[in-house]
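The values are calculated or read from the model by the stated rules, or taken from the named source; none is laboratory data. Predicted model only: the values in this text are computed from it and were never measured. Neighbour counts run over all protein chains shown; Cβ positions are idealised from the backbone, glycine included. The protein model used for the area step is the full one, side chains on, heavy atoms only, and it has no ligands, DNA or RNA in it. Shrake-Rupley method; radii C 1.70, N 1.55, O 1.52, S 1.80 Å.
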Amino acid sequence: MKKLLEDEQNLVIGLGRTDGAMETPNFRFVQVDLSQTPLSEQLLQQIFPTGDFEKVVLINNAGWIGQVGYIGELAIEEYQKLLQINVLAPAFLMNEYVRRYKGALHQERLVVNISSGAAKKVIDGWAGYASSKAALNLITQIAQEEANLTGSGIRFFALAPGVVDTDMQTAIRGSSKASFSALEKFIDLKQNGQLSAPSETAERIMYLLRHPAEFKEVIQDVRNF
């Protein structure tokens, strides 16, 4: 978000549960809990602005690791919340985005869903998280296929950010080895300084936003460019 705000020509609208207001004129904060549905029309009007913008971008960055544990030990409420945040919320926002901007052929339109390399891996204890990101990948691919068929011109990407030094990694390291056999590997990544800095990942995302024509496939990974 900070990278986008550096350009005063950008209008950045951020969503979050707690007040994330910034003292900059090109930022708007919309308070919303994406683990709850539905979003009201009033909120949608704030999230999706109208205007003669050169480019309109939706970045679905919200994600949650959820409960790390084996199937048969998962709390249903936690599982439902994870799917709401990781799958239903971005799918709902994508649906509204397309509905509102599919006819704006004079504008460049991009949707970037932050996915995960876990979407393609079998990882014990991560049934909820990995499957939610796999679902997000497929939704994104279908959205691109539909855009191609209708000629809307919208580009869709599901972007894996790599292993980034965020609160999610802290939560992963706090899980138990009985629920996640690869725990020591993730502890070592932190201790050995092998986690990517958030600023580095942000630069890669910005490159994708600025040069979408260089990327032909929907599924992308920042470690490949």
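Structure above, values below:
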| quantity | calculated |
| --- | --- |
| Lone qualifier among 56, 98, 112 - being surrounded by 14 or more Cβ atoms within 10 Å (Cβ to Cβ), assigned to a helix (DSSP H, G or I) and within 18 Å of the chain's Cα centre (by Cα) | 98 |
| Residue that is nearest to residue 106 (Cα to Cα), among those in the range 1-53 that are open to solvent by 60 Å² or more (accessible area, probe 1.4 Å), of a type in the set (A, V, I, L, M, F, W, C) and assigned to a loop (DSSP other than H, G, I, E, B) | 53 |
| Count of the range 120-129 residues which are in a helix (DSSP H, G or I) and either open to solvent by 20 Å² or more (accessible area, probe 1.4 Å) or within 16 Å of residue 60 (Cα to Cα) (or both) | 3 |
| Options 132, 179: the member that is part of a loop (DSSP other than H, G, I, E, B) and touching a residue at least 40 places away in the same chain (Cβ under 8 Å) | 179 |
| Close pairs (6 angstrom Cβ cut-off, 6 or more residues apart or separate chains): open to solvent by less than 60 Å² (accessible area, probe 1.4 Å) in the range 211-225, part of a loop (DSSP other than H, G, I, E, B) anywhere | 222/161; 222/162 |
| Contacts under 8 angstrom Cβ, first residue in the range 1-30 being in contact (Cβ under 8 Å) with a residue 40 or more places away in the chain and over 22 Å from residue 54 (Cα atoms), partner among the charged types (D, E, K, R) and open to solvent by 40 Å² or more (accessible area, probe 1.4 Å), 6 or more apart | none |
| Residue match in the range 158-174 (condition: more than 20 Å from residue 82 (Cβ to Cβ) and either open to solvent by 60 Å² or more (accessible area, probe 1.4 Å) or at pLDDT 95 or above (or both)) | yes |
| Odd one out for residue 207, checked against (1) loosely packed, with under 15 Cβ neighbours inside 10 Å; (2) assigned to a strand (DSSP E or B) | (2) |
| Those residues of the range 151-176 which are in contact with a Leu (Cβ under 8 Å, 6 or more places away or on another chain), small (Gly, Ala, Ser) and outside any loop (DSSP other than H, G, I, E, B), in sequence order | 158 |
| Members of the range 176-193 that are within 23 Å of the chain's Cα centre (by Cα) and not charged (D, E, K, R) | 186, 189 |
| Check on residue 109, touching a Phe, Trp or Tyr at 6+ places or on another chain (Cβ under 7 Å), among the charged types (D, E, K, R) and under 21 Å from residue 205 (Cα atoms) | yes |
| The range 64-93 residues that are in contact (Cβ under 8 Å) with a residue 60 or more places away in the chain and in a loop (DSSP other than H, G, I, E, B), paired with ones that are of a type in the set (Asp, Glu) and open to solvent by 20 Å² or more (accessible area, probe 1.4 Å) (beta carbon under 8 Å, 6 or more apart) | 66/78; 67/78; 70/124 |
| Residue list for the range 131-146, filter: of a type outside the set (Ser, Thr, Tyr) and open to solvent by 10 Å² or more (accessible area, probe 1.4 Å) | 134, 135, 137, 138, 139, 141, 142, 143, 144, 145, 146 |
| Evaluation of residue 186 against (1) surrounded by 12 or more Cβ atoms within 10 Å (Cβ to Cβ); (2) over 30 Å from residue 72 (Cβ atoms) (one fails), failing number | (2) |
